[in-house]
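The values are calculated or read from the model by the stated rules, or taken from the named source; none is laboratory data. Source: prediction; values computed, not measured. Glycine gets a Cβ as well: all are built from the backbone with ideal geometry, and neighbour counts include every protein chain shown.
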């Protein structure tokens with residue numbers, strides 16, 4: 001009997017031991033999904049991939065703890081990309097464990113001191129790195145400055161009479177006979193038969209795009225269908241390259257020029273005026289003194305009225321000046337102020353020029369840099385991406401699509417994009433639009449409420465009205481040249 005009791009007790013102990021071991025094993029392998037899953041700062045830091053060294057009472061007034069650590073990566077890589085996200089993950093994790101205790105994280109080898117302070121609600125109030133609250137912006141700017149090189153000017157022989165006339169007439173649109181304008185789409189005036197489309201800023205041509213319809217040479221040995229490989233053989237290594245979109249580009253004394261193998265896009269050269277530059281510098285200085293962004297924007301657009309884009313949405317504003325090499329942003333989550341690009345010239349403030357910045361790394365307030373990017377090139381990349389998308393968007397991003405045309409609408413403007421650029425682009429303004437149906441690859445039928453039914457041929461850009469009156473004019477279908485709508489029909 002005693003032996004039986006002993007055996008039962010041993011069995012119970014064994015079962016308990018197995019349960020305890022299983023729980024320990026499960027807990028050890030259990031995914032850690034919150035700060036509470038960690039038993040110490042050391043465990044937390046090592047989980048994030050860094051090396052924990054020690055933790056002690058802080059030697060600096062206003063902080064409770066000093067954590068010595070070896071971060072797994074430097075703050076910035078050799079390619080100029082920062083590791084901000086990696087640092088902020090471990091900062092937020094440790095802050096979650098030390099909630100309410102101001103602390104420092106010190107990496108003596110990398111010369112990095114992160115200081116974290118909490119507010120009265122024990123939330124992180126702010127953090128600095130090496131006593132700089134804008135450390136990430138500044139270290140990126142410093143890297144750009146250290147690696148900045150002047151963009152070379154490429155020698156070119158202009159053979160196009162159209163391009164020569166534009167340059168000789170100082171890009172003044174009204175001084176140049178460009179031919180017959182067929183249509184206007186997305187701020188571009190289209191001279192389809194002549195083989196180019198033109199965008200103006202103010203009175204000057206900002207961008208002219210030569211298409212396959214332009215069969216003459218633009219530069220010696222180069223026309224619109226010259227491959228980018230052959231362009232590079234003729235002009236040398238590109239100054240600008242975008243492999244994702246197949247763009248290469250160069251800058252010469254007279255213009256910027258970009259090649260894709262089926263178009264040549266040419267931009268007005270950078271604009272610089274010493275007096276305007278000094279006025280711009282004073283505006284930035286006043287902004288830094290007053291913090292009045294609205295007044296700054298009003299005076300800026302008076303000084304430089306010819307911006308490439310001015311986008312507003314609620315409290316967000318973005319103005320882009322490619323030829324001056326800067327943009328202004330207000331109401332964003334970060335980088336509110338002025339961002340200057342590699343083609344910026346002259347004054348940043350009334351006392352700091354771009355040359356001062358490059359030489360002394362003097363970074364004024366409300367100023368950010370992208371000195372590794374030319375803003376004209378950036379605008380060309382965005383233009384190409386948007387143009388490709390408009391012609392061949394993803395499903396659901398268009399009203400109608402045929403083999404020849406994609407139709408997209410913006411409010412009451414309906415844009416007909418030639419999918420392969422062999423036909424003309426055009427727009428229609430349609431109020432009280434009901435719906436639209438394709439008749440064939442280039443002809444479309446649409447109804448207008450309390451007006452009628454129209455037929456539009458996008459290739460010839462001709463329109464005719466085939467029914468009129470009161471009603472919805474909702475088109476149901478087209479069969480055998482008969483349009484069925486509103487329980488009736490009409491032949492055409």
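Quick one: which strands (runs of 3 or more DSSP E) lie wholly within segment 278-388 and hold at least 1 residues that are within 20 Å of residue 150 (Cα to Cα) and in contact with a helix residue (DSSP H, G or I) (Cβ under 6 Å, 6 or more places away or on another chain)? Outline the logic, then answer.
On the way: elements: 309-313, 316-321, 326-330, 337-341, 367-370.
Once the strands (runs of 3 or more DSSP E) in segment 278-388 are filtered for at least 1 residues that are within 20 Å of residue 150 (Cα to Cα) and in contact with a helix residue (DSSP H, G or I) (Cβ under 6 Å, 6 or more places away or on another chain), what remains is 337-341, 367-370.
Filtered by the rule that a residue be out of contact with any strand residue (DSSP E or B) (no Cβ under 9 Å at 6 or more places or on another chain) and under 24 Å from residue 314 (Cα atoms), segment 284-302 gives 290, 291, 292, 295, 298, 299, 302. With respect to the conditions (1) surrounded by 16 or more Cβ atoms within 10 Å (Cβ to Cβ); (2) over 23 Å from residue 421 (Cα atoms), residue 195 falls short on a single one, namely (2). Residues that are free of Cβ contacts under 8 Å to residues at least 24 places away in the same chain and either under 17 Å from residue 420 (Cα atoms) or not in a loop (DSSP other than H, G, I, E, B) (or both) within segment 180-191 comprise 188, 189, 191, listed in sequence order.
When you look at residue 244, is it in a loop (DSSP other than H, G, I, E, B), free of Cβ contacts under 8 Å to residues at least 60 places away in the same chain and surrounded by fewer than 17 Cβ atoms within 10 Å (Cβ to Cβ), yes or no? Taking the combined requirement at face value, the residue satisfies it.
Have a look at 32, 23, 42 and point out the one that is surrounded by 10 or more Cβ atoms within 10 Å (Cβ to Cβ), within 41 Å of the chain's Cα centre (by Cα) and at pLDDT below 70.
Details: 23 fails: within 41 Å of the chain's Cα centre (by Cα); 42 fails: at pLDDT below 70.
Unique residue meeting the criteria: 32.
Residue-wise test of (1) assigned to a strand (DSSP E or B); (2) more than 24 Å from the chain's Cα centre (by Cα); (3) closer than 26 Å to residue 460 by Cβ.
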position: 193; (1), (2), (3): no, yes, yes
position: 208; (1), (2), (3): yes, no, yes
position: 213; (1), (2), (3): no, yes, yes
position: 233; (1), (2), (3): no, yes, no
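Answer yes or no: is there a residue in segment 87-101 that is in contact (Cβ under 8 Å) with a residue 40 or more places away in the chain and either part of a strand (DSSP E or B) or outside the structural domain of residue 48 (by TED's automatic domain parsing) (or both). There is no residue in segment 87-101 that is in contact (Cβ under 8 Å) with a residue 40 or more places away in the chain and either part of a strand (DSSP E or B) or outside the structural domain of residue 48 (by TED's automatic domain parsing) (or both).
Number of residues in segment 92-108 that are closer than 19 Å to residue 136 by Cα and modelled with pLDDT of 95 or more equals 5.
I need the full set of residues from segment 389-429 which are in a loop (DSSP other than H, G, I, E, B), surrounded by 18 or more Cβ atoms within 10 Å (Cβ to Cβ) and free of Cβ contacts under 8 Å to residues at least 24 places away in the same chain, in order please.
Taking segment 389-429 first, the residues in a loop (DSSP other than H, G, I, E, B) are 392-399, 402-404, 411-412, 419-425.
Still in the running and surrounded by 18 or more Cβ atoms within 10 Å (Cβ to Cβ): 398, 404, 423-425.
398, the sole residue that qualifies.
Does segment 463-475 contain any residue that is under 25 Å from residue 181 (Cβ atoms) and in contact (Cβ under 8 Å) with a residue 40 or more places away in the chain? No.
Across segment 314-362, the number of residues qualifying as modelled with pLDDT under 90 and farther than 19 Å from residue 137 by Cα comes to 2.
Hey, which of the strands (runs of 3 or more DSSP E) in segment 439-483, taking only ones fully inside, have at least 2 residues that are closer than 16 Å to residue 407 by Cα and in contact with a helix residue (DSSP H, G or I) (Cβ under 8 Å, 6 or more places away or on another chain)? Before the answer, list the steps.
Working: elements: 443-448, 452-457, 462-468, 475-479.
Where strands (runs of 3 or more DSSP E) fall fully within segment 439-483, none carries at least 2 residues being closer than 16 Å to residue 407 by Cα and in contact with a helix residue (DSSP H, G or I) (Cβ under 8 Å, 6 or more places away or on another chain).
Only one of 207, 165 is free of Cβ contacts under 8 Å to residues at least 40 places away in the same chain and either in the same structural domain as residue 258 (by TED's automatic domain parsing) or in contact with a helix residue (DSSP H, G or I) (Cβ under 9 Å, 6 or more places away or on another chain) (or both). Can you tell me which? Matching residue, one of 207, 165: 165. Residues in segment 124-150 that are surrounded by 15 or more Cβ atoms within 10 Å (Cβ to Cβ), out of contact with any helix residue (DSSP H, G or I) (no Cβ under 8 Å at 6 or more places or on another chain) and more than 19 Å from residue 111 (Cα to Cα): 144 alone. Checked against (1) within 16 Å of residue 486 (Cβ to Cβ); (2) in contact with a strand residue (DSSP E or B) (Cβ under 7 Å, 6 or more places away or on another chain), residue 416 passes all but condition (1). Set side by side, the residues 148, 63 differ, and just one is in a loop (DSSP other than H, G, I, E, B) and within 21 Å of residue 358 (Cβ to Cβ), which is 148.
In segment 95-112, the residue that is farthest from residue 56 (Cα to Cα) out of those that are within 36 Å of the chain's Cα centre (by Cα) and surrounded by 13 or more Cβ atoms within 10 Å (Cβ to Cβ) is 110.
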